[in-house]
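The values are calculated or read from the model by the stated rules, or taken from the named source; none is laboratory data. Just so you know, these numbers come straight off a predicted model, no measurement behind them. Note: accessible area is taken over every heavy atom of the protein model, side chains too, but ligands, DNA and RNA are not part of it. Shrake-Rupley method; radii C 1.70, N 1.55, O 1.52, S 1.80 Å.
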Amino acid sequence: MTETSSSVWGKADVSSGKGASDENFPVGSFLLSKELRPHVHAYYAYARVIDDIADCETLSPEDKITRLNAMEDVLLGRREPIMRPDAMSAATLRTSLISTGVPFETATDLLIAFRDDSHGVDYKTWDDLLRYCKYSANPVGRFLIDLHKETPESYPASDALCTSLQILNHLQDCQKDLLRLKRCYMPSDLLRLAGADVSDLEAGRTSPRLRRVFNTLLDGVDVLNRQAASLPGHMKDRRFRMECAAIVALAQRLTLRLRRQDPLASRVALTKPDVLHAGLAALRVWP
C-alpha cells in the first residue's frame with residue numbers, strides 16, 4: 001500500500017497535549033542508559049499518538065480505526081508516512097525497532113487495545129479487564145525488557161507490574177473516563193455484586209457500595225504487585241534494575257493511596273515522599 005493522501009489521516013488534531021512529564025511513572029528516565037533513551041522516547045511518542053487517537057472526542061469510531069490502521073501500516077512499512085507528527089512517530093519507531101531487534105508485536109499489540117477503546121467495549125469480568133491490560137499495558141514492559149536484551153523469564157513479573165499500573169490508572173481516572181469518554185473499565189459483575197451501578201461514578205464522592213468495588217480491584221492489584229516484586233531481581237542491567245525497583249515501589253504506594261483516598265472527590269496522585277520512597281527502593285538494588 002503506497003497511498004499517502006492526507007484523507008486517510010484526516011484534518012482533526014488528536015493531540016491531547018500530554019507528554020512524558022504528565023505520566024504517573026518515569027518514561028525514559030535518567031536511570032536508563034543514555035544510549036537507549038532515544039528508543040524509549042520513540043516508543044512513548046508512538047504510544048502517546050495512538051492513545052490520543054482512541055481518546056479523541058471529535059473523531060467517530062470509524063475515523064479512529066482508520067487512523068489506527070494507517071499508523072500500523074506505516075509502522076510495518078506498508079504505507080509511506082506523510083509529514084505529520086502522528087505519522088512520523090510510527091515511522092521513527094519502525095526505524096528504532098529494526099535497529100534494536102525489538103519485536104514489532106510490542107507496538108502492534110497496543111493497537112488491539114486502542115481499537116477496543118475506539119469501538120467501546122464492556123468489561124464484564126476481571127478476566128476481561130486483564131485481557132485489555134494484556135494489550136494496553138504489558139507490551140510496554142516487554143518492549144523495555146527486549147530493548148535491554150534481558151531474559152524472557154522476566155515477562156510474567158513485568159506483565160504483572162504493567163497490569164497493576166494500568167488498573168491503578170483506571171481507578172484514578174474512573175470518573176473522567178466515564179464523563180469525557182463514556183468509557184468504564186469497572187467489571188460489571190463486580191458492580192452488580194456490590195449493588196453498585198456505573199452512574200455511581202458520576203457522584204462527588206465514592207459511595208460505600210462503589211468503595212467495595214474499588215477495594216476488590218485493589219485486592220487484585222495487591223496480588224499483581226506481589227508478583228511484580230521479583231522483577232528487579234531478573235535484571236542484569238544495573239540501571240534498568242533500579243528503574244524497575246522504583247516503579248514497583250511507586251505502584252505499591254499508589255495502591256495504598258487509592259485504598260485511603262477517594263478518587264471521585266479529587267485525583268489521587270503520588271507525592272514527593274512517595275517518589276523519595278521509590279528512590280530508596282532503587283538504591284537498595286544498586287549492588
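Values as computed for the structure displayed
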item	result
The chain - mean residue ellipticity at 222 nm from DSSP helices (-39,500 (n - 2.57) per run, n ≥ 4, rounded to 500)	-20000 deg cm²/dmol
Span per principal axis, largest first, for the Cα atoms of the stretch 210-261 (Å)	42, 18, 8
Helix runs (DSSP H) in the chain reaching 24 Å along axis by Cα, Kyte-Doolittle at least -0.5	37-55, 155-172, 208-228, 238-260
Most mobile listed residue (260, 131, 209) in the chain, GNM with C-alpha springs under 10 Å	260
Added length on full extension, which subtracts the Cα-Cα distance from 0.36 nm per residue, residue 271 to residue 179	30.5 nm
Spherically averaged projected area in nm², based on the convex hull that wraps the Cα atoms of the stretch 113-165	3.9 nm²
Extension reserve of the residue 105-residue 122 stretch, reckoned as 0.36 nm per residue once the Cα distance is removed	3.7 nm
With all protein chains modelled, accessible area of residue 240 [1.4 Å, Å²]	10 Å²
Heavy-atom surface of the stretch 193-287, accessible at 1.4 Å and reported per residue (Å²)	52 Å²
Inverse of mean 1/r across different Cα pairs in the chain, Kirkwood, Å	19.7 Å
Cα-based reach from residue 236 at 19 Å (exclusive), listing aspartates and glutamates while leaving out same-chain residues under 8 positions away	35, 146, 150, 153, 159
Probe 1.4 Å, accessible area per residue of the stretch 59-120, Å²	41 Å²
Percent accessible area from carbon and sulfur atoms, the chain, protein chains only, probe 1.4 Å	55 percent
Coordinate range along principal axes, alpha carbons of the stretch 42-172, Å, largest first	38, 37, 22
Distance violations [Cα-Cα > 26 Å] among 124/149; 64/124; 124/272	124/149; 124/272
Candidates 207, 118, 164, ranked by Gaussian network fluctuation over the chain, Cα under 10 Å, top entry	207
Å³ per residue enclosed by the Cα convex hull of the stretch 131-287	109 Å³
